[in-house]
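Have a look at the structure below, then the notes.
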Amino acid sequence: MNKWLKILLSLFALGILVAAFGWWYVHRPAKGAGERDADFTLSTGQIIKEFKDSSTTADKKYQGKNIQLSGKVSSVEKGQQNSVSVFFKDGDFLITCSFSGDDAKAVQDLKEGSPLTLKGLYKNFSKDDLMGEMQVAFNPCSVVK
């Protein structure tokens with residue numbers, strides 16, 4: 001009986017350890033865009049050209065990828081809960097990058113024409129067939145220093 005009690009207590013202790021590790025793994029802080037290596041490094045002009053050439057191919061290529069992007073800011077918009085969106089516009093094409101926390105503070109005062117290099121997780125591509133406008137969104141984004 002003493003042997004079975006030791007085995008049961010050992011299994012119980014092992015179960016507690018596995019459960020604790022599982023909880024930590026699920027609740028650990030996620031890496032922000034700036035903490036991950038960039039899968040691609042592009043200018044805003046390069047990514048716009050790729051999406052204009054073939055939006056389907058570009059969407060598949062960049063889905064779930066972290067991209068380092070450089071370009072000149074078209075506008076900045078402050079959102080709710082200390083978030084900031086930075087826009088790069090080229091004719092009928094818009095690139096949107098969403099920032100929060102310290103990164104939002106770093107970009108909130110940028111002016112039109114300011115150069116900016118950022119890392120962002122590609123979120124999606126959308127096209128308004130009626131208006132002919134195209135948009136690429138990145139979220140979350142962080143400033144590359």
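Scan region 116-145 for residues that are of a type outside the set (A, V, I, L, M, F, W, C), within 20 Å of Ser55 (Cβ to Cβ) and part of a strand (DSSP E or B) and jot them down. Break it down stepwise before answering.
Going through region 116-145, the residues of a type outside the set (A, V, I, L, M, F, W, C) turn out to be 117, 119-120, 122-124, 126-129, 132-133, 135, 139-140, 142, 145.
Those left that are additionally within 20 Å of Ser55 (Cβ to Cβ): 120, 122-124, 126-129, 132-133, 135, 139.
Once the filter is applied, which keeps residues that are of a type outside the set (A, V, I, L, M, F, W, C), within 20 Å of Ser55 (Cβ to Cβ) and part of a strand (DSSP E or B), region 116-145 yields Gly120, Tyr122, Lys123, Asn124, Ser126, Lys127, Asp128, Glu133, Gln135, Asn139.
Residues to consider are Gly113, Gly64, Gly71; find the one that is closer than 24 Å to Arg36 by Cα and assigned to a loop (DSSP other than H, G, I, E, B).
Numbers: Gly113 fails: closer than 24 Å to Arg36 by Cα; Gly71 fails: assigned to a loop (DSSP other than H, G, I, E, B).
The conditions single out Gly64.
Only the coordinates and a few stated rules stand behind these numbers; no lab work does. These numbers come from a predicted model, not from an experiment. Every residue, glycine as well, gets a Cβ built from its backbone with ideal geometry; the counts of neighbours run over all protein chains shown.
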